[in-house]
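Following: one structure in structure tokens, then a few remarks.
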């Protein structure tokens, strides 16, 4: 649904706004994955890449007016391999790793139709960047490895409110806020001269002791506001705006390109769903949830003064499966990042999403022995 986060119900997890956990009526376990097909364009050159990711693993538990949740999700990912050959010199750049987030959330019904919630996140991960320089007629090659260890806490606050309009429609509003925060990092940098073995492995001839420095990276504050209208179990449409202040990641080794700049980011998201008839006794297609959305984002990244923007359009369905409240959610998004002008790279994605949501009633007091 374009990534909107203001809609919540009793059988799905909403990881973007912790106030949503107060809506849960059943214990919910959910896992999601995405398969991506990427086409990269630079001038007249193109390349195609396919990769898959785990989006999140989470569980939510209702406890009367209070709902809690916990799980694991990725915050960022690094993965690239670039080779450049000019004259007698070949250069290879490789990167891997990323930051993951383990979280615990709680949301409760504070007053009538007003819910509030908070999420505590622990962020952790390692990023490795390696640079190899090989020159003809020189036996030894040069190697530089930068390892970055990242860790630290962040938290989010969320509000959700709803009210009836003309006794027929439900208006939902949502607000979430993440304050500015810093994560601790340790950078290790090692330089070495190497030769390649017969199997292609790297054999160190000479190296220096790893140089370790400690610093911080700064995440800007983030605010998300949305409003939507719909009819319960029939349809819903919502609009959201997201603003994040400037972040600073320059303390990470290998991330200090003079042409690169971080600025504030903006997102606009529009999405919704339609259910022909959620309780149709016959006709499976009538009980399917049909979803669609679009989004536009200024990512907060600029290269040589050019903003790197994204635009995407998405479609999906929610399929009732197995037991009454267990469902499978399928989705697809076509989206684009960047452009080919001014020496930039354009990325064209097709992403296919699959999430499984398992629901059951836990902690039910038995009425019969």
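The values are calculated or read from the model by the stated rules, or taken from the named source; none is laboratory data. Given the structure is predicted, the values throughout are model-derived calculations rather than measurements. Neighbour counts run over all protein chains shown; Cβ positions are idealised from the backbone, glycine included.
Observations
- Of all residues in region 140-174, those that are surrounded by fewer than 18 Cβ atoms within 10 Å (Cβ to Cβ) and either over 30 Å from residue 8 (Cβ atoms) or without any contact (Cβ under 8 Å) to a residue 12 or more places away in the chain (or both) total 8.
- Residue 17 being within 19 Å of the chain's Cα centre (by Cα), within 24 Å of residue 312 (Cβ to Cβ) and surrounded by 18 or more Cβ atoms within 10 Å (Cβ to Cβ): yes
- You will find that of 248, 259, 309, the residue that is under 20 Å from the mean Cα position of the chain (by Cα) and exposed (fewer than 15 other Cβ atoms within 10 Å of the Cβ) is 248 and no other.
- Number of residues in region 28-51 that are surrounded by fewer than 16 Cβ atoms within 10 Å (Cβ to Cβ) and under 26 Å from residue 151 (Cβ atoms) equals 2.
- Test set (1) assigned to a loop (DSSP other than H, G, I, E, B); (2) modelled with pLDDT of 85 or more - residue 294 fails condition number: (1)
- Residue check for residue 137: in contact (Cβ under 8 Å) with a residue 12 or more places away in the chain, farther than 30 Å from residue 230 by Cα and out of contact with any strand residue (DSSP E or B) (no Cβ under 9 Å at 6 or more places or on another chain): yes
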